[in-house]
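Asker: Take a look at the following structure, please.
The values are calculated or read from the model by the stated rules, or taken from the named source; none is laboratory data. The structure displayed is predicted, hence computed values, not measured ones. Note that each Cβ is placed from the backbone with ideal geometry, even for glycine, and that neighbours are counted across all protein chains shown. Each accessible area value is taken on the protein alone, full model and side chains, heavy atoms only, with ligands, DNA and RNA left out. Shrake-Rupley method; radii C 1.70, N 1.55, O 1.52, S 1.80 Å.
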Amino acid sequence: MKTTNKVMTLIENKYPKAGRWVFGDSPAMQDELTELVTKGIKTATACSFHAYSCDPETIGHHYIVFDSRENPVCVVRVTAMHLMKFSEMTAELAWKEGEGDRSLLNWQLEHQRFFEREGTFSSDMEIVVFEFKVVENILS
């Protein structure tokens, strides 16, 4: 169901400085990760420092999360940020990412594949990890 312009206007009026977040690099991954966010399972996400420097998120900032059909599904607020090397990722933050079996090993394998597709992977690459919380579910 495509969200109407009226609904999007209401969201943008309520969160006037909100950015736009899309998870993953395929429609299937986007929908899977968005569902984990709306269920409160995924409360963190990571990106390469290169991708971050192009779109600087800040603590306290709101983001509207979209599914693969361009529907806004929820609004999240960044609660913490961590700058680290890929090799320094912690089990606690991997768990908060909510993906797969939520282990650090699974996080390392899946994110290595993701960053290789992005063309940025190395074990000493810098990543930015964002912790966030859902402040409003839109399509619930």
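Asker: Once you've got the GNM for the chain with C-alpha springs shorter than 10 Å, pick whichever of Ile59, Ile41, Ile127 has the biggest mean-square fluctuation.
Answerer: Ile59
Asker: Also, quick follow-up: Going toward the positive end of the dipole of the chain, with +1 on Lys and Arg Cβ and -1 on Asp and Glu Cβ, which of Ser103, Leu10, Asn71 do you reach last?
Answerer: It is Leu10.
Asker: Moving on to the next point. Counting only helical runs of four or more DSSP H residues, what would the 222 nm mean residue ellipticity of the chain come to if each run contributes -39,500 (n - 2.57) and the total is spread over all its residues?
Answerer: One gets -10500 deg cm²/dmol as the mean residue ellipticity at 222 nm.
Asker: Mind checking the dipole of the chain: about its Cα centre, +1 per Lys or Arg Cβ, -1 per Asp or Glu Cβ, Debye to the nearest 20?
Answerer: It comes to approximately 600 debye.
Asker: I'd like to check one number: the per residue accessible area of region 1-136, probe 1.4 Å, reported in Å² as a whole number.
Answerer: Accessible area per residue: 54 Å².
Asker: Treating the Cα atoms of region 1-117 as identical point scatterers in vacuum, please give the log10 of the normalised Debye intensity I(q)/I(0) at q = 0.10, 0.20, 0.22 Å⁻¹, two decimals.
Answerer: At q = 0.10, 0.20, 0.22 Å⁻¹ the computed log10 ratios are -0.31, -1.23, -1.45.
Asker: Something else now. Quick one: putting +1 on the C-beta of Lys and Arg, -1 on the C-beta of Asp and Glu, what dipole do you get for region 91-140 around its Cα centre, in Debye to the nearest 20?
Answerer: Computed charge dipole of region 91-140: roughly 120 debye.
Asker: Can you give me the Kirkwood hydrodynamic radius for region 52-140, using every pair of distinct Cα atoms, in Å to one decimal?
Answerer: 14.4
Asker: Rounded if a/c is under 1.5, else prolate if a/b is larger than b/c, else oblate: which is region 55-96, with a ≥ b ≥ c the root eigenvalues of its Cα gyration tensor?
Answerer: Judged from the Cα gyration tensor, region 55-96 comes out prolate (a/c at least 1.5, a/b above b/c).
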